[in-house]
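Quick notes on the structure that follows.
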Amino acid sequence: MWDMRRRVSLLLVRKVSRDRASMPNPACLSVVCPAVGLSPGNRIEIEVDRALCIGSGDCVDSAPAVFELDAEDKARVIDPDGAPTDEVIEAAGNCPVTAIFVRGEDGDLYP
Ligand code: SF4
């Protein structure tokens, strides 16, 4: 009886080890994650930090098809593919408080 329990226990340990070995390394997830949620055209993700945004509208002036100001005078993204990537990055660079973050397939594009 003891041998049987030990064998089952060993088999379970081996299975867990195999399952863990087949799971993605957490360090790899950070490489994969930027690809999640990328826009279909530019293959970018734009984030506006609403806590930082002061509603200056510079991003809207720079790329009006990408950004707009909402009812609270905070910028929001309406279409990440509304302008070429270099124009989106330029618009992000025009933000006086660096509230816009642009990521691409290989990671951060701005800042
Ligand atoms: S440029 Fe920056 S601070 Fe101005 S509206 Fe856009 S995100 Fe907000």
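The values are calculated or read from the model by the stated rules, or taken from the named source; none is laboratory data. Note that the structure is a prediction, hence the values are computed from the model and not measured. Please note: Cβ atoms are built from the backbone with ideal geometry, for glycine as well, and neighbour counts cover all protein chains shown.
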Within region 82-111, the residues that are more than 11 Å from the ligand (Cβ to nearest atom) and of a type in the set (S, T, N, Q) are THR85
Taking region 63-81 and keeping residues more than 8 Å from the ligand (Cβ to nearest atom) and either surrounded by fewer than 18 Cβ atoms within 10 Å (Cβ to Cβ) or among the polar types (S, T, N, Q) (or both) leaves PRO64, ALA65, GLU68, ASP70, ALA71, GLU72, ARG76, ILE78, ASP79, ASP81
Filter region 91-111 for residues that are within 15 Å of GLU47 (Cα to Cα) and over 18 Å from the mean Cα position of the chain (by Cα) and give the result.
ALA91, GLY93, ASN94, CYS95, VAL97
Pick from region 76-90 the residues that are over 18 Å from the mean Cα position of the chain (by Cα) and touching a residue at least 24 places away in the same chain (Cβ under 8 Å): which of them is nearest to PRO111 (Cα to Cα)?
GLU90
Extreme residue, surrounded by the most Cβ atoms within 10 Å (Cβ to Cβ), among residues of region 28-45 that are at pLDDT 95 or above and under 8 Å from the mean Cα position of the chain (by Cα):
GLU45
Pair list, Cβ < 8 Å and 6+ apart or interchain, from region 46-68 residues that are basic (Lys, Arg) to residues that are near the ligand (Cβ under 6 Å from one of its atoms) and in a loop (DSSP other than H, G, I, E, B):
ARG50/ALA99
